[in-house]
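Data first, discussion second: the structure below is written as structure tokens.
The values are calculated or read from the model by the stated rules, or taken from the named source; none is laboratory data. On a predicted model such as this, the values are computed, not experimentally measured, just so you know. A quick note on method: Cβ atoms are made from the backbone with ideal geometry, for glycine too, and the neighbour counts reach across all protein chains shown. These accessible areas exclude ligands, DNA and RNA; they are computed on the full protein's heavy atoms, side chains included. Shrake-Rupley method; radii C 1.70, N 1.55, O 1.52, S 1.80 Å.
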Amino acid sequence: MKTFMASPATIERKWYVVDATDMTLGRMATEIARVLRGKHKPIFTPHADTGDYVIVINAEKIKLSGKKMEQKTYFRHSDYVGSWRLIPVKEVLKKNPERVVEHAVKGMLPKGPLGRQMYKKLFVYAGPEHKQAAQKPEVLTF
């Protein structure tokens with residue numbers, strides 16, 4: 001018996017939509033990263049992008065466990081001396097709620113060109129509407 005290695009010609013990609021309403025950020029992000037990477041498929045190959053596309057809606061209605069809403073911060077730096085800033089997650093959720101989900105999922109993907117390719121298959125929207133209706137996405141439940 002030979003070991004199967006997926007190639008771009010053998011990969012079939014599906015579209016999934018995830019409703020983030022009242023879902024815990026970390027638990028949702030791990031499942032999304034798993035689908036983007038392709039670990040849910042029997043043809044998973046570590047060195048190939050075998051994952052599917054994921055659309056996340058209602059990112060503004062996500063919840064965080066514990067005291068993270070008050071204590072969690074995001075770090076920014078512009079490479080100038082003394083220009084670093086800590087931005088609370090509460091502020092990021094008000095201004096740009098998509099960024100919170102994108103940041104969590106991106107941290108769970110592999111680093112390097114393969115991880116960047118997988119990350120491009122993630123689409124996050126703050127509200128219930130999305131632009132990928134023509135792809136007929138299936139609902140992904142955890």
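Work out the FRET efficiency for HIS130 and THR24 from their Cβ-Cβ distance, taking R0 = 25 Å, and round it to the nearest 0.05.
Details: r = 21 Å, r/R0 = 0.86.
My answer for the efficiency is 0.70.
Hey, quick one: spin label on TYR119, modelled 7 Å out along Cα-Cβ, who in the stretch 80-100 has an amide N within reach, i.e. under 13 Å?
Counting only backbone N, you get 99-100.
Magnitude of the Cβ-charge dipole of the chain, K/R +1 and D/E -1, about the Cα centre, nearest 20 debye?
Working: 26 positive and 14 negative charges, 66 e Å.
So the dipole magnitude of the chain works out to roughly 320 debye.
For the chain, give me the percentage of DSSP beta bridges that are antiparallel, rounded to the nearest 5 percent.
25 percent
To the nearest 10 degrees, how steep is helix 97-106 against the longest Cα principal axis of the chain, on a 0 to 90 scale?
On a 0 to 90 degree scale, this one is about 50.
Enter the angle in degrees (range 0 to 90, nearest 10) between the Cα long axis of helix 25-37 and the first principal axis of the Cα atoms of the chain, meaning the one along which they spread out most.
Helix 25-37 sits roughly 30 degrees off the main axis of the chain.
Using 1/(1 + (r/R0)^6) with R0 = 22 angstrom and r between the beta carbons of GLU91 and SER65, what's the FRET efficiency to the nearest 0.05?
Step by step, r from the Cβ atoms, then E = 0.70.
What net charge do the residues around ASP49 carry, taking every other residue with its C-beta under 11 Å from that of ASP49, with Lys and Arg at +1 and Asp and Glu at -1?
Net charge around ASP49: +4.
At 1.4 Å probe size, what's the solvent-accessible area of THR73? Round to the nearest 10 Å².
About 60 Å², ignoring ligands and nucleic acids.
Please list, by residue number, every one of the GluC sites (Glu not before Pro) in the stretch 1-105 that is coil in DSSP and has at most 13 other beta-carbon atoms within 10 Å.
Answer by residue number: GLU12.
Can you grab the distance from the C-alpha centre of the stretch 1-57 to the C-alpha centre of the stretch 88-124, Å, no decimals?
Cα centroid to Cα centroid, the span is 15 Å.
Trypsin sites (Lys or Arg not before Pro) within the stretch 1-100: which are DSSP loop residues with at most 11 other Cβ atoms inside 10 Å? Don't skip to the answer; put the middle values down first.
Numbers: sites: LYS2, ARG13, LYS14, ARG27, ARG34, ARG37, LYS39, LYS61, LYS63, LYS67, LYS68, LYS72, ARG76, ARG85, LYS90, LYS94, LYS95, ARG99; in loops: LYS2, ARG13, LYS14, LYS39, LYS67, LYS72.
Taking the stretch 1-100 and a limit of 11 other Cβ atoms within 10 Å, the loop trypsin sites (Lys or Arg not before Pro) found are LYS2, LYS67.
So which chymotrypsin sites (Phe, Trp or Tyr not before Pro) in the stretch 1-85 pass both tests, a DSSP loop state and at most 11 other Cβ atoms within 10 Å of the Cβ?
PHE4, TYR80, TRP84
Using 0.36 nm times the number of residues separating LYS2 and TYR74, minus their current alpha carbon distance, what extension gain do you get?
Between LYS2 and TYR74, full extension yields an extra 21.3 nm.
About its Cα centre, how strong a charge dipole does the stretch 46-106 have in debye, to the nearest 20, once Lys and Arg get +1 and Asp and Glu get -1 at the Cβ?
Using Cβ point charges on Lys, Arg, Asp and Glu, the stretch 46-106 gives about 440 debye.
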